[in-house]
Amino acid sequence: MSRFRKELLFICDSSILIVVAILLARFSLRYALPDAVGQGKLLPHLLLLYVCTVVFQIAFHTYDSLWRYAESREYLSLLMAAFWGFCVYEIISRAVIRSVMSFVLLTAIASVWVLGMLLMRFTYRVYRNQVMHRRGSHRLPVAIIGAGAAGVQLLGELQSNADSRYQVQCFFDDDRSKVGKRIHGVEVKGTIRDIPTRLRAMDIRQIIVAIPSISEERRHEILKELSGLDRVKVKVSVLPSTMDLIEQKPIGAQLRDIQIEDLLGREPVRLDSKPVDGYLEGKVVMVTGGGGSIGSELCRQIAKHRPKQLVIVDIYENNAYDIQQELLYIYKNKLDLAVEIASIRDGERVRQLFAHYRPDVVFHAAAHKHVPLMEQSPQEAVRNNVFGTLNLVRAADEYGVGKFIQISTDKAVNPTSVMGATKRLCEMILQSMRGRSKTTFAAVRFGNVLGSNGSVVPLFKRQIAAGGPVTITDKRIIRYFMTIPEAAQLVLQAGAMAKQNELYVLDMGQPVKILDLAENLIRLSGYVPYRDIQIVETGLRPGEKLYEELLVASRDIEKTENDQIFVERQPGITPEELRDKLAVLAAALDQNNPGIIRETLHQVVPTFHEPEDVNPERGEEVKAPEVAVEKAVGVACGSAAQ
């Protein structure tokens, strides 16, 4: 039914109700209407009463309200419209018609009319709910955790939305005063601790956590509690944070599946963006590897800081094209965007790009990063990671780049893989430029980036969706985690803070066992580990370490003005030392023999060890190395997923 037809129907109903109210009041009070209003003045009184009530109903927008969503405000508007309508009628009848209706009769008519209007709207809502209930007989039975404002709003939308696929069966809330009460007909069954016992007697298929203002620690506790529902097969979804709810989406549309980020038990790292504006706004910024996971997120965030020009350099054209189209769609002609397909291995091509664009800031995110693949092809890791970085550093120095920020990894610390050893050499290249260049060189070290290409999160989700098994290389593996936006923010913030040849690390809280993550993700996807979905241990991959470190020397670290960012002070390396190392490595590279290249990496990177030399024996417990920073502040972050 169209909106106009609905409004017309309500107006007609209002007219009918006036007549019905007058008749009911007349018979119940045994009034003769002409006597009650004065001889010959009945028609003017009826017309005036009708006009006053309709005019104020229009003024208070009661006819164009959506009564299926009506709450106290709509009903209050209806009462206020009735009050003012009858008051104005009384005033005009005294002043113009110069006769008044009996106060008792007028009160009776007003009462019957208001009750009729309310009854009509309640009837409409009941009818709508019955229709929705019949349509929703096939819906998924769910429980909502949180009987607060967000939970009630979510319930209202799920009950009234014809497209909703959920049927809310009950609430759970830690406020014991709400337990046993009903909200829109739905009972608050118990507290969150009661969920395991209550759900066993109910046909609940999904749980929705609807407490957007909750802290990350409390959210972690709740999800951990839910992950223990071994005998109850449910899936868990969550509402986003309070800030995310500001977006113009209906609250029900923002439900998302559980993510591993929800289980990390810490607040997201949010860094101050103001210092970033100072060195990016109005500058030419180049991002190598700009189509990759970290590189593309860097481009997204850099674009927000109004650079003079953003230059994306990548060898993989598909990724470069994707981020190009995304940014053009968002910013259109407001962003001067250039995309260059090039390999950083090609020194002449690198110099050509630097000579043409003259970048003020360079973020170097181009690298081969997959540990097992680089174990099989160490020559490619050396050519791309080491000598590609060398080409960029030399070009940055030659063409007067203001700041050069290198993306490093925790695998560069006491590396056990070719990839880690090559990234450690990249850090050495930057160190060797201390005092030799006007360019500020700095590196940012992190790893386990959730959702990045090759990370463990999408792999686990694909395996769960396929019915398992979920594969992990070793049940003892522990890792530190961060999200792609956190990683990109860290890089930008470090660029703002960088002075000369510094290496930045981030405080990332406590490490997480990969096995725990796999088990919790299986449970929160609605399955029981080892019963519905198996977890299979496949054995450590070549070059893989059971734990990752972040610092070369645990005490050579200083706090910055940001409590979450630290600087590691490393012993310097002279240009002559670096030249000798690279000459030996280049000679090994010319032989194109993986074994010789690996031996040479051990020679030029003294901290490079074989995995079996550092991994605990089978059956031994694995603990992350402790890091001392003043009051034993733990500093760490993650790697590209196992």
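What follows is calculated from the coordinates using simple rules that are stated; it is not laboratory data. Small disclaimer: the values here were computed from a predicted structure and weren't measured. Ideal geometry is used to build each Cβ from the backbone, glycine not excepted, and the neighbour counts take in all protein chains shown.
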Scan around I145 for amide H atoms under 5 Å from its own, H built in the peptide plane at 1.01 Å from N, and keep only partners 5 or more places away or cross-chain. F172, I208, V209, A210
Residue order, fewest to most surrounding Cβ atoms within 10 angstrom, among M419, M428, M202, M120: M202, M120, M428, M419
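May I ask you to derive the FRET efficiency for K274 and H356 from their Cβ-Cβ distance with R0 = 30 Å, giving the value to the nearest 0.05? Spell out each step's value before the answer.
Values: r = 31 Å, r/R0 = 1.04.
The calculated FRET efficiency here is 0.45.
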Kindly write out, for the stretch 142-158 in residue order, the coupling ³J(HN,Hα) from the Karplus curve 6.51 cos²θ - 1.76 cosθ + 1.60 (θ = phi - 60°), rounded to whole Hz, with x marking Gly and Pro. 10, 10, 10, 8, x, 9, x, 4, 5, x, 5, 4, 5, 4, x, 5, 5
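Would you list V418, V55 from fewest to most Cβ contacts within 10 Å? Before the final figure, lay out the partial values.
Values: V418 29, V55 14.
So the residues, fewest neighbours to most, are V55, V418.
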If I model a spin label as a point 7 Å beyond the Cα along the Cα-Cβ vector, how far apart are those points for E348 and A201 in nm? 8.1
Give me P(r) over the stretch 393-506, computed from all C-alpha to C-alpha distances, binned every 10 Å, as integer percentages. 13, 35, 30, 14, 7, 1
Return a single number: how many Lys pairs in the stretch 285-421, at a sequence separation of 8 or more or on separate chains, have alpha-carbon atoms below 17 angstrom apart. 6
Could you go through the stretch 283-291 in sequence order and give the Karplus-derived ³J(HN,Hα) for each residue, using 6.51 cos²θ - 1.76 cosθ + 1.60 with θ = phi - 60°, rounded to whole Hz, and x for Gly and Pro? 10, 8, 10, 10, 10, 7, x, x, x
In Å, the C-alpha Rg and Dmax of the stretch 296-419 are 15.3, 47
Explain nothing, just compute: Karplus ³J(HN,Hα) = 6.51 cos²θ - 1.76 cosθ + 1.60, θ = phi - 60°, for every residue of the stretch 274-281 in order, whole Hz, x for Gly and Pro. 4, x, 5, 4, x, 10, 10, 5
Scan around V284 for amide H atoms under 5 Å from its own, H built in the peptide plane at 1.01 Å from N, and keep only partners 5 or more places away or cross-chain. K308, Q309, D360, V361
